[in-house]
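Asker: My questions all concern the structure below.
Bear in mind these aren't lab numbers, they're just calculated from the coordinates by the rules spelled out. In this text, all values refer to a predicted model and were calculated from it rather than measured experimentally. All Cβ positions, glycine included, derive from the backbone under ideal geometry; neighbour counts span all protein chains shown.
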Amino acid sequence: MIVLIVTYKCKDGMREKCLEAIKAEGLDAASRAEEGNIKYDYYMSADNENEMMLVEKWRDADAIAIHNEQAHFKRLVGLKDEFVNETIIEKYTD
């Protein structure tokens, strides 16, 4: 299993709008529906109003590679351009 902890440092005041756009377009649901996805959940920072975290769990590297080619993943990249200043990705494997 591979776990990705993705921290989004959103533009000022844009965190909620970013999450709303992700949910409105069903990008999170589409990722959860992929074969090989175990977990795909967003969390809001209690201390930083411009920061949110995405916790992803995938069966293996092949599942992530397939995910990265999906239209909904590519759309998320476009949304990040609009709402996010910085993305930090931590990767853990077992």
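Asker: Pairs of lysine in the chain with Cα under 16 Å and at least 8 positions apart or on different chains: total?
Answerer: Lysine pair count for the chain: 10.
Asker: Can you tell me the orientation of helix 15-24 relative to the chain, as the angle in degrees between its alpha-carbon axis and the longest Cα principal axis, to the nearest 10?
Answerer: With both axes taken from Cα atoms, the answer is about 50 degrees.
Asker: Rg and Dmax of the chain, using alpha carbons, in Å: what are they?
Answerer: Here Rg and the maximum Cα pair distance are 12.8, 36 Å.
Asker: A further question on this structure: How fast does the stretch 51-94 diffuse by Stokes-Einstein, in µm²/s, taking the Kirkwood radius from C-alpha pairs at 10 °C and 1.306 mPa s?
Answerer: 132
Asker: Provide the net charge surrounding Ala24, with neighbours chosen by a C-beta distance below 14 Å and charges set as Lys +1, Arg +1, Asp -1, Glu -1.
Answerer: -2
Asker: What residues of the stretch 1-41 lie in the reach of a label at Asp62, counting those whose backbone N is under 18 Å from a point 7 Å from the Cα along Cα→Cβ?
Answerer: Residues 1-3, 34-38 fall inside that zone.
Asker: Ok, one more. I want to check the label-to-label distance for Ala71 and Lys23. Put each point 7 Å from Cα in the C-beta direction and report it in nm to one decimal.
Answerer: Distance between label points: 2.4 nm.
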